[in-house]
Amino acid sequence: MKIEGVILKSGEIPKKLFKVISGTVRETRQNTYHDLVSGDYIALMEYLLSIPLEEDIVAIEESEIVEIDFESEYLNIVKKIVELRKLIDETSIDIDNMVLSDFNFENIELDDYLNQIEQLLTLAAGELPDDVQEALKQIEQLEDDKIITKVNLVRRFIEKFPDDESGPRLLIETASKVYLLLNDRYLTKALLKKVLINYSQKLDYCYEATKILKTVYEDEGNILWRRYEKIAKVIEVILRGNA
């Protein structure tokens, strides 16, 4: 539908999730506004957390918005939550001691972040079976649109089966999908570093992890890519010597 003016009123708890197709929609929190454009979700955090809006949400020009189905937009919603970290200095939502700044990875542990994302999306991964093969099957059967749930299950797998040979492979495969699907460099790097920390004796996997880390750091313009390039070269020499 096309609309101009107030879309949602202050104090209202969004019951439906809308996506901007065209135009500009303005959200205001703590006296700071943020403009939503095509592809953005209106009042996403308030919808997910079922909390009231601080201020009216307004289409500041004629805008087209559509109601969307949560399940069909799951992956894109996860991407938007990742992008919300960029707005930490502009907006904050406090609910039961959880604020948007909790998504700042410099101040929060990876596991806490993953748990919070799952809670927001009501997609708790649950426990893994005690049988390692059944656990692997449960993880590998997950579709790509459940990538955060898969990350959590992989994390639990390496905690539950620390000596299983599949651990480093799962971490690398999942990290690669996170990078491709979500472009979440922090989460990608965190998963790859778990390979280096938890499986330092698995040099072939460490080599693969450092090569990807080098690419990710280089992609974001971080000089640390050179460190991982050197580490990869050292591991490569060791592997050749062991061949």
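The values are calculated or read from the model by the stated rules, or taken from the named source; none is laboratory data. Computed from a prediction, not measured in an experiment: that's the story for all the values here. Cβ atoms come from the backbone with ideal geometry, glycine included; neighbour counts cover every protein chain shown. Keep in mind that these areas ignore ligands, DNA and RNA; they rest on the heavy atoms of the full protein, side chains included. Shrake-Rupley method; radii C 1.70, N 1.55, O 1.52, S 1.80 Å.
Tell me, in nm to one decimal, what length is gained between residue 61 and residue 141 on full extension, where the rule is 0.36 nm per residue of separation less the Cα-Cα distance?
Once the chain is fully extended between residue 61 and residue 141, it gains 24.3 nm.
Expressed in nm to one decimal, what extension gain is obtained for the pair residue 218 and residue 30 from 0.36 nm per residue of sequence separation less their Cα-Cα distance?
Here the segment from residue 218 to residue 30 would lengthen by 64.1 nm.
Using only the Cα atoms, what convex hull volume per residue in Å³ does the range 2-90 have? Write down the numbers at each step before the final one.
Numbers: hull volume 7.6 nm³, N = 89.
That works out to 86 Å³ per residue.
Carbon-plus-sulfur fraction of the accessible area of the range 2-90, 1.4 Å probe, in percent?
Values: 1970 of 4560 Å².
In the range 2-90, the share of accessible area belonging to carbon and sulfur is 43 percent.
Compute the label zone of residue 22 within the range 33-62: residues whose backbone N is under 15 Å from the point 7 Å along Cα-to-Cβ.
Under 15 Å, as judged by backbone N against the label point of residue 22, lie 37-39, 61-62 of the range 33-62.
Return the distance in nm (one decimal) between the two label points of a simple spin-label model at residue 201 and residue 51, each offset 7 Å from Cα along Cα→Cβ.
4.6 nm
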